[in-house]
Amino acid sequence: MRTASSVDGGSDGHDEGVLRPGLEGVVVAETRLSEVDGAQGRLVIAGSDVEDLSREVGFEGAWLRLWGAVADEAGVAQLEAELGAARVEAFDRLSGLREALRATDGMDALRAGVAHCSVHARAGERAQAVALTAATAVYAAAWGWLRLGLGPVAPDAGLRHAEDYLRMARLQATPGARVSEVEARAMDRYLVTVIDHGLNASTFAARVVASTGSDVVSAVVAALGALKGPLHGGAPGPVLDMLDALGDSGAQGIETWLGDELAAGRRIMGMGHRIYRVRDPRAAVLEEAVGELARAGVGGARLARAREVERAAERMLARRHPARALRANVEFYTAVLLEALGLGRQAFTPTFAVGRVAGWCAHVAEQRATGRLIRPASRYVGPMPARSAAG
Ligand code: COA
């Protein structure tokens, strides 16, 4: 069977019929939203490097840039107010959703909650994106409480989106207790860091649905389904499981544990990436954010340990796959950061969606503007009917 790697390894437009099961290197969209340079380890989001964007612009500013809007003080303040009002509206709809949001898995709950959103087509794409961004945060946060049989924390429309999400989502003795400035900043940096990332699996899923002319809610529901998988957004919980399993083993213990995992054919979660051939730049941004928190006395216990495990995993993966760089990806330090912020590991993937939903909605608008149905081909390998002798 002809496959991309067996034929030419690249996409030159003259490879019709070549099988590319993971669509590597196949370009199906032009986007002004983000650019992932896997060789250099560079991520540009709406014209800025992710390192700069996450330091200089908050979630609202990054959200505006995805829509090509100026992220000045007035624009950011207006979006803050719009998102705040939309969070309150989403919360008001919760009473009809309580059963659906009691699901054991946070992504199942989020998918059910978002599926119930009805955004009016006449509201316009930007307003629909505001509604879905707000609803994702409110339902991801509410699920944690409802699952425990407790009442969810109501939004505070006067707060910035990241701060309010963390305040609502954190399961603590005093529900809805204030979030410190340093914690709010860390959550903001996280949401900006994951806001968009080229044509990743969930964004592609959203664009495929949008290309059929379907609505943005359906596109976001499809994206949530894709994000749930452990090869995409479901890895940070298992990263903490790994750190727990390693306990306080020394260097030799870490190597033995990782070696056993690899020998058993299991993947090391938080390591490797389809595109990056160097360390995922988002891992560095989030590692820095964890460091900032630790210096302010928040979390920090895991940081040194996580670094040690990352180095050991890199060494072992390099030995096993010398031709393929397998380095830390965004999920590795996501796990450490979100744990430091007081979120449980089951809330990690829903929290990823709280940031990424902004990218999905912008991609949906961009895809719709092309008017082109995404419809690749498959190669039939099943039996053929016997040809009739007649005729
Ligand atoms: N641990 C161990 N081995 C890994 C690995 C990991 N994390 N990631 C890749 N590999 C191995 C594969 O088993 C494969 O080995 P083989 O050639 O002997 O079969 C080789 O490296 C190439 O992997 P491939 O499946 O082609 O890579 P991909 O581009 O499809 O995978 C990921 C990208 C992200 C799916 C993969 O690296 C992975 O599963 N990582 C762990 C999950 C994770 O952290 N996901 C979050 C992504 S942001």
With +1 on the Cβ of every Lys and Arg and -1 on the Cβ of every Asp and Glu, the dipole magnitude of the range 115-166 about its Cα centre, in debye rounded to the nearest 20, is 160 debye
Can you grab the distance from the C-alpha centre of the range 194-208 to the C-alpha centre of the range 246-302, Å, no decimals? 24 Å
Cα-centre dipole for the range 236-340 with unit charges at Cβ (Lys and Arg positive, Asp and Glu negative), debye to 20: 540 debye
Which of the peptides 262-269, 307-314 is most tightly packed, and how do the rest follow, judged by the mean count of other Cβ atoms within 10 Å per residue? 307-314, 262-269
1/(1 + (r/R0)^6) with r = Cβ-Cβ of ARG277 and ALA386, R0 = 41 Å, i.e. FRET efficiency to nearest 0.05, evaluates to 0.25
So who's got an amide H within less than 5 Å of the one on ARG42, skipping anything under 5 residues away but keeping other chains? H placed 1.01 Å off N, in plane. ASP37
Taking a virtual spin label 7 Å from the Cα of GLU255 along the C-beta vector, which residues in the range 267-310 bring their backbone nitrogen under 19 Å of it? 268, 305-310
Using the per-residue mean of other Cβ atoms lying within 10 Å as a proxy for protection, in what order, highest first, do the peptides 162-168, 298-304 fall? 162-168, 298-304
The range 168-192 and the range 319-391 have their Cα centres apart by a whole-number Å value of 28 Å
As an exercise, use a Förster radius of 30 Å and the Cβ-Cβ distance of ALA377 and ALA263 to find the FRET efficiency, rounded to the nearest 0.05. 0.20
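Helix-derived [θ] at 222 nm for the chain: sum -39500 (n - 2.57) over DSSP H runs of at least 4, divide by residue count, nearest 500?
That comes out to -17000 deg cm²/dmol.
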Amide H partners (placed H, <5 Å) of SER48, local residues excluded: none
Derived scalar couplings ³J(HN,Hα) [the range 309-325; Karplus, 6.51 cos²θ - 1.76 cosθ + 1.60; whole Hz; x for Gly, Pro]: 5, 4, 4, 5, 5, 4, 4, 6, 5, 5, 5, 6, 10, x, 8, 10, 5
If you stretched the chain out fully between ARG93 and THR370, how much longer would it get, using 0.36 nm times the residue separation minus the C-alpha to C-alpha distance? 96.4 nm
Magnitude of the Cβ-charge dipole (Lys and Arg +1, Asp and Glu -1) of the chain about the Cα centre, nearest 20 debye, reported as 1100 debye
Within 10 Å, count the other beta carbons around each residue, average over each peptide in 231-238, 20-27, 94-101, 58-65, and list them highest first. 58-65, 231-238, 94-101, 20-27
Sorted by chain and then number, the residues having a modelled amide H within less than 5 Å of the amide H of HIS273, at least 5 places away or on another chain, are ARG327
The extension gain from LEU19 to ARG102, computed as 0.36 nm times the residue separation minus the Cα-Cα distance, is 25.7 nm
Can you work out the FRET efficiency for the pair GLU56 and VAL182, with r the C-beta to C-beta distance and R0 = 22 Å, to the nearest 0.05? 0.85
Tell me, what HN-Hα J-couplings in whole Hz come from the Karplus equation 6.51 cos²θ - 1.76 cosθ + 1.60 at θ = phi - 60° for each residue of the range 231-238, using x for Gly and Pro? 7, 10, x, x, 7, x, x, x
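Each reported figure results from applying straightforward, stated rules to the coordinates on display, with no laboratory input. Bear in mind that the values here come from a model prediction, so they are computed numbers and not experimental data. With ideal geometry, Cβ positions are generated from the backbone for all residues, glycine too; neighbour counts draw on all protein chains shown.
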